[in-house]
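The values are calculated or read from the model by the stated rules, or taken from the named source; none is laboratory data. Computed from a predicted model, the values in this text were never measured in an experiment. Positions of Cβ are backbone-derived with ideal geometry, glycine not excepted, and every protein chain shown enters the neighbour counts.
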Amino acid sequence: MSTRILAALLFSSLLFSCGDEGTISYNEKMPPTVPGNLEAIAGSQQISLSWDKVSNASSYRIYWSTEEITENLKQITGAEGDPNTSITVQTIKDIVTNSYVHTGLTPGTTYYYRVAAFNKAGSKGLSKEASSNPSL
């Protein structure tokens, strides 16, 4: 057996046994599924959102606009922070539960929402759109 192969065998076991710091579980290696059943229920100057919990999601991001959201997740995240973009979608980041109350809204305006689930591996995409009109 050559010296290089022997050294590789000896050091490979050390590399893989250096503790669990920085390791990623199987669930975190796969992006979470797209959240289902997004609901938007109007209230007084607010809209309550809820969606199906995604088992391996560590957070959710809510995307909203006063126009229908036709962009995909890559287009939206690529435009975040770009002052020259024509994309008008706003982001509510890193929600850890599968519900949210969006407050301070204008009555009579239609608000459109989509949600994405995230973990260390990223996201698979956006939920189907839901919309609602808050009341006074």
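Any idea which residue in the stretch 56-77 is farthest from Leu136 (Cα to Cα), counting only those that are β-branched (Val, Ile, Thr) and either part of a loop (DSSP other than H, G, I, E, B) or touching a helix residue (DSSP H, G or I) at 6+ places or on another chain (Cβ under 8 Å) (or both)? Let's see the steps before the verdict.
We begin by selecting, within the stretch 56-77, every residue β-branched (Val, Ile, Thr); these are 62, 66, 69-70, 76-77.
After this cut, where a residue has to be either part of a loop (DSSP other than H, G, I, E, B) or touching a helix residue (DSSP H, G or I) at 6+ places or on another chain (Cβ under 8 Å) (or both) as well, the list is 66, 69-70.
Numbers: Thr66: 17, Ile69: 25, Thr70: 28 Å.
The qualifying residue farthest from Leu136 (Cα to Cα) is Thr70.
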Check your understanding: Can you pull out the residues in the stretch 41-67 that are more than 29 Å from Met30 (Cα to Cα) and in contact (Cβ under 8 Å) with a residue 60 or more places away in the chain?
Key -> Ile41, Ala42, Gly43, Ser44, Gln45, Gln46, Ile47
Check your understanding: For the stretch 31-55, how many residues are modelled with pLDDT of 95 or more, surrounded by fewer than 17 Cβ atoms within 10 Å (Cβ to Cβ) and part of a loop (DSSP other than H, G, I, E, B)?
Key -> 6
Practice item. Taking Ser132 as the residue in question, decide whether it is within 15 Å of Leu49 (Cα to Cα) and surrounded by fewer than 16 Cβ atoms within 10 Å (Cβ to Cβ). Key: no
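So, of the residues in the stretch 91-104 that are free of Cβ contacts under 8 Å to residues at least 40 places away in the same chain and hydrophobic (A, V, I, L, M, F, W, C), which turns out to be farthest from Ser55 (Cα to Cα)?
Taking the stretch 91-104 first, the residues free of Cβ contacts under 8 Å to residues at least 40 places away in the same chain are 91-97.
Narrowing further to those that are hydrophobic (A, V, I, L, M, F, W, C): 92, 95-96.
Values: Ile92: 20, Ile95: 14, Val96: 12 Å.
Checking each candidate, the answer is Ile92.
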Revision key, fill the gap. Being under 17 Å from Ile41 (Cβ atoms), surrounded by fewer than 13 Cβ atoms within 10 Å (Cβ to Cβ) and under 17 Å from the mean Cα position of the chain (by Cα) narrows Val101, Val115 down to just Val101
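Yes/no per residue for (1) touching a His at 6+ places or on another chain (Cβ under 8 Å); (2) without any contact (Cβ under 8 Å) to a residue 60 or more places away in the chain; (3) within 22 Å of Pro32 (Cβ to Cβ):
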site: Asp82; (1), (2), (3): no, yes, no
site: Val89; (1), (2), (3): no, yes, yes
site: Thr106; (1), (2), (3): no, no, no
site: Thr109; (1), (2), (3): no, yes, no
site: Phe118; (1), (2), (3): no, no, yes
site: Ala121; (1), (2), (3): no, no, yes
site: Leu126; (1), (2), (3): no, no, yes
site: Ser131; (1), (2), (3): no, no, no
